[in-house]
Amino acid sequence: MTRILAISGSLRRRSYNRALLQAASEHAPEGVEIEIYDELEALAPYNEDRENDRPESVEALMARIQEADALLLATPEFNTTLPGQLKHMIDWGSRPYGPDAALYGKPVAVIGASTTDYGAMWAQDTLRKALGIAGARVVDAELTVARAQNKFDEDGRLHDEETLEQLAHVIHSVARHHLELAGV
Ligand SMILES: Cc1cc2nc3c(=O)[nH]c(=O)nc-3n(C[C@H](O)[C@H](O)[C@H](O)COP(=O)(O)O)c2cc1C
């Protein structure tokens, strides 16, 4: 079983990015389990002084990342970049720099949804760049969900077939990456 931890950079209750992860978890293929992490709002902001005395919220999230085989991150785009809480997660996860960092060597897929024509593509690019510097293995599979308001129903269910297919491809790619690393 490949265990993927899915995290939305949007904290709002009816977030399209959160809904995208819900669709991913409901459509996970056999042999893949996608669990959604919903505590990002409580994550303490990054503070280098606390690196050797990390707040409980940080310890908890870093442990979850370390236990997961791979990550699926869905980011909104705020003012052309990624939201602050997701950036705090990357900063904590990148330290101590090197193999002991929670993100180091971790297969990660980045996806994103926005209500504009661009599907959070700049936020996704920035997130991929930061993850790469942190030592994560960012998979070469993309999903930009543009005009998200047209692709989800009132209950937040993804009904767009093309997006569902692309989502399946992303999940397959990140799970495959983990299995290759594990030598399976
Ligand atoms: C503060 C703020 C800034 C935003 N900036 C952008 C932006 O730069 N690019 C974009 O495509 N959408 C932008 N949007 C619109 C978001 O794409 C939209 O609110 C989206 O639904 C957020 O994702 P969520 O549904 O997961 O919360 C912005 C929204 C907010 C609230």
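The values are calculated or read from the model by the stated rules, or taken from the named source; none is laboratory data. Please read these numbers as outputs of a predicted model, since none were measured by experiment. Quick reminder, even Gly has a Cβ in these numbers, built from the backbone with ideal geometry, and neighbours come from all protein chains shown. Keep in mind that these areas ignore ligands, DNA and RNA; they rest on the heavy atoms of the full protein, side chains included. Shrake-Rupley method; radii C 1.70, N 1.55, O 1.52, S 1.80 Å.
Does any residue in region 14-37 that is within 11 Å of the ligand (Cβ to nearest atom) come within less than 6 Å, Cβ to Cβ, of a residue that is open to solvent by 20 Å² or more (accessible area, probe 1.4 Å) and of a type in the set (A, V, I, L, M) six or more places away or on a different chain, and which pairs are these?
The qualifying pairs are Leu21/Ile36.
Determine, yes or no, whether Thr81 is within 16 Å of Val174 (Cα to Cα) and open to solvent by less than 60 Å² (accessible area, probe 1.4 Å). First the steps, then the outcome.
Working: within 16 Å of Val174 (Cα to Cα): no; open to solvent by less than 60 Å² (accessible area, probe 1.4 Å): yes.
Taking the combined requirement at face value, the residue does not satisfy it.
For the subset of region 87-97 comprising residues that are open to solvent by less than 10 Å² (accessible area, probe 1.4 Å) and over 12 Å from the mean Cα position of the chain (by Cα), which member is farthest from Asn52 (Cα to Cα)?
Of the residues in region 87-97, the ones open to solvent by less than 10 Å² (accessible area, probe 1.4 Å) are 89-90, 92-93.
In the following step, the residues that additionally are over 12 Å from the mean Cα position of the chain (by Cα) were identified as 92-93.
Numbers: Trp92: 11, Gly93: 13 Å.
Among them, the one singled out is Gly93.
Given (1) open to solvent by 30 Å² or more (accessible area, probe 1.4 Å); (2) modelled with pLDDT under 95, where does Glu33 come up short, assuming only one miss?
(2)
State all residues of region 105-133 that are more than 22 Å from Ser25 (Cβ to Cβ) and in contact with a helix residue (DSSP H, G or I) (Cβ under 8 Å, 6 or more places away or on another chain); if no residue qualifies, say none.
Gly105, Thr115, Ala130
Taking Ala141 as the residue in question, decide whether it is in contact with a strand residue (DSSP E or B) (Cβ under 7 Å, 6 or more places away or on another chain), under 24 Å from Ala42 (Cβ atoms) and away from the ligand (no atom under 16 Å from the Cβ). Walk me through how you get there before you give the answer.
Numbers: in contact with a strand residue (DSSP E or B) (Cβ under 7 Å, 6 or more places away or on another chain): yes; under 24 Å from Ala42 (Cβ atoms): no; away from the ligand (no atom under 16 Å from the Cβ): yes.
In short, no.
Could you go through region 60-76 and let me know if any residue there is open to solvent by 40 Å² or more (accessible area, probe 1.4 Å) and within 16 Å of the ligand (Cβ to nearest atom).
no
Does region 130-137 contain at least one residue that is closer than 27 Å to Arg13 by Cβ and either without any contact (Cβ under 8 Å) to a residue 12 or more places away in the chain or more than 14 Å from the chain's Cα centre (by Cα) (or both)? Steps first, please.
Step one: filter region 130-137 for residues closer than 27 Å to Arg13 by Cβ, giving 130-131.
Narrowing the set further to residues that are either without any contact (Cβ under 8 Å) to a residue 12 or more places away in the chain or more than 14 Å from the chain's Cα centre (by Cα) (or both) leaves none.
Taking every residue of region 130-137 in turn, none turns out to be closer than 27 Å to Arg13 by Cβ and either without any contact (Cβ under 8 Å) to a residue 12 or more places away in the chain or more than 14 Å from the chain's Cα centre (by Cα) (or both).
May I ask you to list the residues in region 120-138 that are near the ligand (Cβ under 8 Å from one of its atoms) and surrounded by 22 or more Cβ atoms within 10 Å (Cβ to Cβ)?
Answer for region 120-138, where residues must be near the ligand (Cβ under 8 Å from one of its atoms) and surrounded by 22 or more Cβ atoms within 10 Å (Cβ to Cβ): Ala120, Ala123.
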